[in-house]
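Notes follow the structure.
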4 protein chains.
Amino acid sequence: MAQGSELYAVADFCLIPMGTGEPSVAEYIAECQRILEKSGLHFKMHGYGTNLEGPWSAVCKAIGDCHAAVHAKGAPRIATDIRIGTRVDKDIAPGTGNDSKVARVREILEKDTK
Amino acid sequence: MAQGSELYAVADFCLIPMGTGEPSVAEYIAECQRILEKSGLHFKMHGYGTNLEGPWSAVCKAIGDCHAAVHAKGAPRIATDIRIGTRVDKDIAPGTGNDSKVARVREILEKDTK
Amino acid sequence: MAQGSELYAVADFCLIPMGTGEPSVAEYIAECQRILEKSGLHFKMHGYGTNLEGPWSAVCKAIGDCHAAVHAKGAPRIATDIRIGTRVDKDIAPGTGNDSKVARVREILEKDTK
Amino acid sequence: MAQGSELYAVADFCLIPMGTGEPSVAEYIAECQRILEKSGLHFKMHGYGTNLEGPWSAVCKAIGDCHAAVHAKGAPRIATDIRIGTRVDKDIAPGTGNDSKVARVREILEKDTK
């Protein structure tokens, strides 16, 4: 939902360093987590990316900062996949967008076993 | 890594039902979780998708089965984003691909605070 | 739309070789185009991926074959992003799914200038 | 490559309106093309998304403007998939990033038939 004039973005991204000469990317992803920590945004790493949410431009800036940091760490090229969603049918309390989606699905599934 | 002749796929997917007339998709995502449960594959839902891994064709079939089930539940159209990775530089013990990536990054970050 | 019992998939994928030691990936992408040529499926490369369509399992198999070929060419690890869509509200004539989407949007835009 | 202090982004995005009540999305995608036209950035629609490139923040802003316009047109919720790449190993002449990737692959493939 818009906050002031800006959309609130619930996102997820997976950053891939390229041309690094080794298949492991954990050091680069760790660096991204440090950058996100500094961003002040709500985020949570999972097996194939990191959930991230906040005002649209802050989310984009944080991912851009990750690119800059991963280049600084030696990756000549980076390809990132971002999933980003916005909605205007209801307000999202800051930091609850991704978690509340999971909670809602779990709520439905719990009824299955009753 | 290849298991027999097939690549082992570590994946993540986000399925979006379209043309449903309501912005909420939790019922459809819950249905996908039921389908994945039956697939026998290792999977884990997060805020913007579901981690999933197994032999390449089994992973693809499971996601296709989710499409069929979501259509059966009433969605006329579906768009899914899949991230899928394979590697031949090391073996992945079945079901550990996504979790071990997270563990490796956490291991690096833990050293930061020491 | 289902063809027999299988969904027809209109897709797009972007394959990223990892750990190759050089940022350029053109040789690997060219190899994928050769694989797709042999698949018999309708495909078309663009600046950030390749449109691809056909029966669900054939599309998945073709992308898996690309992974195998890119590994064979030396990439130890690969990460691919796939967008894949299905619909049951209308039939798609084989090979026309992606092109007809573009045509429909252009048709709308052409009215703007009249 | 950085231009001043900002990374140049070569991207592609696929925007999915949700909860619209009808499976067709062409009107919404046409609206995005109008927004991109106004952005001044280099872009090109294909069957499953739109290539787009420019300074990182301009690319992000343009996609955010598309979300705002698609919400204004009636979609209560939107999910977008963005692929975005940056590189620091060579300069990209503005507007040539996506096209030059295609040209390089075609160049390689043309040698196959000689």
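For residue A:7, the conditions (1) at the interface with another protein chain (Cβ under 9 Å from one of its Cβ atoms); (2) touching a Ser or Thr at 6+ places or on another chain (Cβ under 6 Å); (3) within 21 Å of residue C:22 (Cβ to Cβ) all hold with the exception of (3).
Here residue C:50 does not fit the description of being over 12 Å from the mean Cα position of the chain (by Cα) and among the β-branched types (Val, Ile, Thr). Consider the range D:39-51 and keep the residues that are touching a helix residue (DSSP H, G or I) at 6+ places or on another chain (Cβ under 6 Å) and within 23 Å of residue A:68 (Cα to Cα). The one that is farthest from the other protein chains (Cβ to nearest Cβ) is D:41.
Each row is one residue, and each column tells you yes or no for (1) within 11 Å of chain D (Cβ to nearest Cβ); (2) within 24 Å of residue A:28 (Cα to Cα); (3) charged (D, E, K, R).
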{"position": "C:16", "(1), (2), (3)": "yes, yes, no"}
{"position": "C:27", "(1), (2), (3)": "yes, no, yes"}
{"position": "C:37", "(1), (2), (3)": "yes, no, yes"}
{"position": "C:53", "(1), (2), (3)": "yes, no, yes"}
{"position": "C:57", "(1), (2), (3)": "no, no, no"}
{"position": "C:68", "(1), (2), (3)": "no, no, no"}
{"position": "C:72", "(1), (2), (3)": "no, no, no"}
{"position": "C:96", "(1), (2), (3)": "yes, no, no"}
{"position": "C:107", "(1), (2), (3)": "yes, no, yes"}
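Within 11 Å of chain D (Cβ to nearest Cβ) and closer than 18 Å to residue B:56 by Cβ: is that true of residue C:84 in this structure? Reasoning before the result, please.
Values: within 11 Å of chain D (Cβ to nearest Cβ): yes; closer than 18 Å to residue B:56 by Cβ: yes.
Yes: the conditions hold for residue C:84.
Note on the range D:18-35: residues that are without any contact (Cβ under 8 Å) to a residue 40 or more places away in the chain and farther than 18 Å from residue C:101 by Cα amount to 2.
Values in this text are rule-based calculations from the coordinates and carry no lab data. As the structure is a prediction and not an experimental result, all values here were calculated from the model. Neighbour counts are summed over all protein chains in view; Cβ atoms, including those assigned to glycine, are modelled from backbone coordinates with ideal geometry.
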